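The values are calculated or read from the model by the stated rules, or taken from the named source; none is laboratory data. Because the structure is predicted, anything quoted here is derived from the model rather than measured. Note that each Cβ is placed from the backbone with ideal geometry, even for glycine, and that neighbours are counted across all protein chains shown.
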Amino acid sequence: MLQLKIPAKHDQTCWSRLYGSALALSIVEATRTHICGPVVVIVEDVIHADILTKEIEFYKDERQKLFHLPDWETLPYDIFSPHQDIIAERLTTLHALQHIHGGDILIIPLNTLAQRLAPKSYIQGNVLSLKINQQLDIDAFRRELEASGYSNVSEVMEHGEFAIRGSIIDLFPASSSIPYRIDLFDDEIETIRCFDPQSQRSDNRVDTVELLPAREFPTDAPGIKKFRERYREMLS
């Protein structure tokens with residue numbers, strides 16, 4: 001059993017000769033007794049972050065929570081946005097960090113530390129919840145989804161998309177690994193089911209669904225106005 005410890009505040013220590021997955025095991029063993037706060041592990045790049053995340057997931061016990069804040073994997077002047085799955089994972093992690101405790105582990109690639117994050121108030125203030133028997137105005141709900149960055153499409157296939165066909169709403173929340181199909185009876189939610197985006201067949205029922213925003217920045221009218229003002233201010 002390894003006896004490595006997390007150094008006290010303002011102290012430094014060096015772990016050496018940790019080969020293979022020994023680093024992941026050392027981190028898990030050291031953080032199990034670290035109750036002063038969560039442990040942030042900074043790695044050199046995305047590849048090492050993914051490897052270390054999988055190794056720590058293997059060694060940690062069910063009491064420890066593991067969080068991974070991925071890099072956007074885009075360059076500053078790329079003409080395309082980060083993949084929606086990456087944005088979804090980042091938003092899920094940022095939302096979950098409000099529940100992080102001592103002994104929990106957060107893995108961050110070095111480049112991610114240089115990226116500005118969405119304000120906590122934006123993420124927490126734009127969470128939508130749906131449940132069985134809830135009253136739902138389709139037009140108002142569509143506007144809420146679009147303001148939160150969701151894309152209105154004909155067929156839902158990936159995170160951040162929704163489709164409305166009569167009284168049926170398909171949506172793929174940023175915080176979920178599967179999409180959901182909401183069936184309305186008049187203006188009341190009758191059923192919420194998971195469905196397969198490939199076959200479009202629905203199966204298991206759930207009682208509630210939580211929706212995080214689909215973008216790390218607001219795309220509503222006030223957000224766009226604020227962007228234009230700051231853009232002109234910085235370039236004038």
Taking the range 153-190 and keeping residues surrounded by fewer than 18 Cβ atoms within 10 Å (Cβ to Cβ), of a type in the set (D, E, K, R) and within 17 Å of D85 (Cβ to Cβ) leaves E158
Given the conditions (1) surrounded by 12 or more Cβ atoms within 10 Å (Cβ to Cβ); (2) closer than 19 Å to L97 by Cα; (3) not hydroxyl-bearing (S, T, Y), every one holds for D61 apart from (1)
Screening L184, L130 for residues that are in a strand (DSSP E or B), farther than 17 Å from P213 by Cβ and not assigned by TED's automatic domain parsing to the domain that holds L69 leaves only L184
Filtering the range 22-48 down to residues that are closer than 15 Å to I100 by Cβ and of a type in the set (G, A, S) yields G37
Single residue of the range 210-221 satisfying the filter (surrounded by 15 or more Cβ atoms within 10 Å (Cβ to Cβ) and aliphatic (A, V, I, L, M)) that is nearest to A88 (Cα to Cα):
A214
Do you know which of the residues in the range 191-209 that are under 21 Å from the mean Cα position of the chain (by Cα) and in contact (Cβ under 8 Å) with a residue 24 or more places away in the chain is surrounded by the most Cβ atoms within 10 Å (Cβ to Cβ)?
V209
Within the range 27-58, residues being exposed (fewer than 12 other Cβ atoms within 10 Å of the Cβ), in contact (Cβ under 8 Å) with a residue 60 or more places away in the chain and hydrophobic (A, V, I, L, M, F, W, C) number 2
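Okay, residues lined up against (1) closer than 22 Å to W72 by Cα; (2) of a type in the set (V, I, T); (3) over 23 Å from the mean Cα position of the chain (by Cα):
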| position | (1), (2), (3) |
| --- | --- |
| S16 | no, no, yes |
| G20 | no, no, yes |
| S26 | no, no, yes |
| G37 | no, no, no |
| V46 | yes, yes, no |
| D50 | yes, no, no |
Need the failing condition index for I224 against (1) under 13 Å from G149 (Cβ atoms); (2) surrounded by 17 or more Cβ atoms within 10 Å (Cβ to Cβ); (3) β-branched (V, I, T), just the number.
(2)
